[in-house]
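A quick write-up on the structure given underneath.
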Amino acid sequence: MESKVYSKKQLYGEKKSRRFAGNAREAAFLLGGIGTGNISVGARGELRDFEFYNRPGKGVLAPYAFFSIWAREEGKAPVAKVLESRINPPYSGAHGFPAERFAGLPRLDESEMLGEYPILNINFKDAKLPVEVSLEAFTPFIPLNPDDSGIPAALLRYKVKNRSSGKVDVSIGCSMPNPAGLKDIRNGQFVVDMNVKNTFRQEEGMQGLFYECVSIPEQSFAVLTTCSDVTCKPEWANTGWRDGIQEFWDDFAEDGRVEERPRLDFAESRLSPRGPSIGSVVSSRTAAPGEEIFFEFVLSWYYPYRNKYWEGYEEYNSDCCNDSCCCTGEEYERNYYATLFRDAWDAGGYLIQNLERLEKATKDFHRALHRETTLPPYIIDAVSANMTVMRSPTCFRIEDGTLAGWEGCHDNAGCCPGTCTHVWNYAQTMAFLFPTLEQSVRKVEFLLETNEEGSMAFRSDQVFGRPRWEFVPAADGQMGTIMRLYREWKLSGDDDFLKELWDKAKQAMDFAFTYWDSDGDFVLDSEQHNTYDIEFYGPNSLVNSMFFGALKAMAEMAEYLGEGHVAEKYRRALKEGSRKMDEMLWDPSAGYYVQVIEDVNKYKYQYGKGCLSDQLLGQFLAHICGLGYILPEEHVRQAVKSIFEHNFQHGMSEIQSVQRTYALNDEHGLLLCSWPHGGRPKLPFIYSDEVWTGIEYQVAATLIYEGFVDEGLTIVKAVRDRHDGYRRNPWNEVECGHHYARSMASYGLLTALSGFKYDMCKGEVTFDPRINKDNFSAFFCTGKAWGIYRQVRNEDGQLERKLEILYGSEDDIRLV
């Protein structure tokens, strides 16, 4: 079987990460911590998508929010520009560009973005500036340390190198409206309380502007700098029309500094309403010929309260207000980061005061993941880009530290609430990088959302202290949650965690025998609600593979806990059920598992004889968890081979789909289902012709596990080629919303290609790389330590293997 789409050179020959020119208008790199919201930086270097106020904000721009540069070479006239490259088309607004976009000010000629999450670099070019300018930006990201990875702040470090023969005076300024007192977002713009205050503050090692609101004192924002030579204009002129931007720019462009008070003597205009309160912080330094100097800024925010329910689903919460921007009081939930910091200044100050430690750990992770690996760049791109989901508005942490999440996000609201079990089944990233956060979700699912009958609500309302969400349980979600309990236990080696959830896990497992198995043959066949938001009827391998994976996980956990009789019960069910399902569903002529249903059109939204991309989902999770095979190995191999052959499309232009469209024209992608041998239902399940990146990644990982490496790589490269910065944002994979949780299945590519297995109960890890066996290196992470695994074949033909531990203790982990 050949991939046909890409050559070997394209699959294996790439060595460098992608770069994006300034006209890559879809590229937007997220900055911000886990559960804090974020600000993004575009390929031009512009600030965009302000989403730090407990709601998504795609397309939301803060008026007059920008960085600017001023440079004067000795003996020459100064140059002042907005520190972004030129604005891209279209330019077709009804009034051109509004003044708050300051499009008429000069900008730099070009920019080039390199985003290797969590670190962003942008190089600028400009013919008139006597200096070279680049930007490095990040928010600390340290696996196994969710608190230091959850700071509501971002560091932006501008590097300026003097390329002239004389000294150059340089200033870089940050202008920002006061977003404290934020009440709403309308038409992509802030609506704020006007009773605000901007204050210039100075402390040891930092100074800047603190933005607060007198009416809503809980909210704050800060712009800090570590530079020593600083001037500040706390508030621009607000005397009418464009007086503020005009006065600021004239002041800044004159000498690279700003005066505290606007240089205007006019009385306030009665014709112009008071606009946003904008302030500027300017840092100044001098660079000798050839010298490189740095300007560090920190943007930090503090919006401590969110609605104590899933905002956007008010029909179920009619007693609640819908203003998540200005929440306080009993009906609101405090964000976890508000327990760590007093306000935005405190959060930004923590980042600055601990920068050396935080930056080292972040760059150790970046080095391990991106630089010291032999895996193809597009694989690392897929793995790292979807880490943004944890730090997007999709995820948040409530006051006690519990993580909760949407499935994804609409432009201005969350989408599909409740940390949905059947979607989060696919996600692997958080479990490996921040296992304590993943454990907090398991505790909600078992201890809060599993009732005494063993039925688990697949969306959690009780996490907010509200009544249980009453709906049919999701078969795939409930069985997958059991497998993920096993994963969390093995990654952490935490026996107390397992014991705390064990009784509820048994209830959830035993529920399946009576609720979904109508005839007691250990093959689930009753109405099965699932991740396609419909019910399958009759036996199918999607749900049953999850069932068998859960049985195997439960048997191993029961044996470990000394409950041999329970383990034997689950092993017997696994053995008999797996054998019988294989006999019932394996179609030898087709080479894959089918759904057994007497009349595929009796119920809407079935798939019957179709080739379902998710038919081996339970096997994917079993491989990730280290459970081994739950179905016959030869059939698993043949089935995943068939999925690739039938469902991966070498172009979408001939696909006839009336469903949502995620790949089109000449793009390659994996359909959720196909009917290569006929039998398509009149109304197949509602997403069958769609392309979801999360399913593409789980199929790719399964292909790799089964030895079809080229085919797995082909799918991944196709996904990342679609997210090229022009058609789609490389750091935002969309399904039912932006930053969709299912996309975190991409981490499974790293475990599959590394052949990584773990057992922290024994403190052991093993590796069996699928590529570059003679010279392999890659990042790894368990619940106790992370670092780099390397293996090299020496001159004697022997493999030399080594772990480099970068975080955690070497005593906690052993290579076997």
Out of region 581-687, which GluC sites (Glu not before Pro) are coil in DSSP terms and have no more than 11 other C-beta atoms within 10 Å? E598, E654
In what sequence, largest accessible area first, do Y603, Y91, Y662 appear using a 1.4 Å probe? Y91, Y603, Y662
Find out how many positive minus negative residues lie around T339, taking Lys and Arg as positive, Asp and Glu as negative, among other residues whose Cβ is under 15 Å from that of T339. -4
From a point 7 Å beyond the Cα of D255 in the direction of its Cβ, which residues of region 160-191 have a backbone N at a distance under 16 Å? 169-172
SASA check, D255, accessible area w/ 1.4 Å probe, all protein chains in place, rounded to nearest 10 Å², comes out at 60
Taking the Cβ-Cβ separation of H650 and E132 as r and a Förster radius of 51 Å, what is the calculated FRET efficiency to the nearest 0.05? 0.75
So the angle from the long Cα axis of helix 475-492 to the longest Cα principal axis of the chain, reported in degrees to the nearest 10, equals 70
Could you work out [θ]222 nm for the chain from helices alone, using -39500 (n - 2.57) per DSSP H run of at least four and dividing by all its residues? Round to the nearest 500 deg cm²/dmol. -8000 deg cm²/dmol
How much length is gained on full extension from E372 to N187, taking 0.36 nm per residue of separation minus their Cα-Cα distance? 62.2 nm
Calc'd 3J(HN,Hα), region 599-614, phi into Karplus 6.51 cos²θ - 1.76 cosθ + 1.60 (θ = phi - 60°), Hz, glycine/Pro = x, comes to 10, 5, 9, 5, 10, 5, 6, 9, 9, x, 7, x, 9, 7, 5, 8
By a straight-distance test (C-alpha under 17 Å), which aspartates and glutamates pair with K682 as possible cross-link partners, with residues fewer than eight away in the same chain excluded? E535, E598, D599, E690
To the nearest 10 degrees, how steep is helix 633-647 against the longest Cα principal axis of the chain, on a 0 to 90 scale? 50
Ordering F648, F513 by accessible area with a probe of 1.4 Å, largest first, what comes out? F513, F648
Extension gain (nm, one decimal) between N794 and R468, 0.36 nm per residue minus Cα-Cα: 111.4 nm
Give, in nm to one decimal, the length gained when the segment between V214 and N665 is fully stretched (0.36 nm per residue of separation minus the Cα-Cα distance). 157.1 nm
Please sort by residue number the trypsin sites (Lys or Arg not before Pro) in region 461-494 whose DSSP state is loop and whose Cβ has at most 16 other Cβ atoms within 10 Å. R468
Rounded to a whole %, the carbon-and-sulfur portion of the accessible area of the chain at a 1.4 Å probe is 46
What are the lysines whose alpha-carbon lies under 16 Å from the alpha-carbon of K233, with same-chain residues fewer than 8 places away excluded? K197
Using a Förster distance of 22 Å, how high is the FRET efficiency between E576 and E527, based on the Cβ-Cβ distance and rounded to 0.05? 0.50
Inter-label distance for R263 and D724, nm, one decimal - labels placed 7 Å from Cα along Cα-to-Cβ: 4.9
Tensor-based shape of region 1-81 (alpha-carbon gyration tensor, a/c under 1.5 rounded, otherwise prolate or oblate): oblate
Rough spin-label spacing in nm, given labels placed 7 Å along Cα→Cβ, for K4 and Y91: 4.6
Using alpha-carbon coordinates, inclination of helix 564-585 to the longest axis of the chain, degrees: 80
Give a quick list of trypsin sites (Lys or Arg not before Pro) in region 557-610 that DSSP marks as loop, anything other than H, G, I, E or B, with at most 14 other Cβ atoms within 10 Å. K602, K604
Straight-line reach check, K58, cutoff 20 Å on alpha carbons, 8 or more apart in-chain or any other chain, hits among lysines -> K183
Quick one: if the Förster radius is 45 Å, what FRET efficiency do N772 and M194 give, using the C-beta to C-beta distance and rounding to 0.05? 0.15
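The values are calculated or read from the model by the stated rules, or taken from the named source; none is laboratory data. Nothing here was measured: the structure is a model prediction, and the numbers come from that model. Heads up, the Cβs are rebuilt from the backbone with ideal geometry, glycines too, and the neighbour counts pull from every protein chain shown. Please note that ligands, DNA and RNA were not included when accessible areas were found on the heavy atoms of the full protein model with its side chains. Shrake-Rupley method; radii C 1.70, N 1.55, O 1.52, S 1.80 Å.
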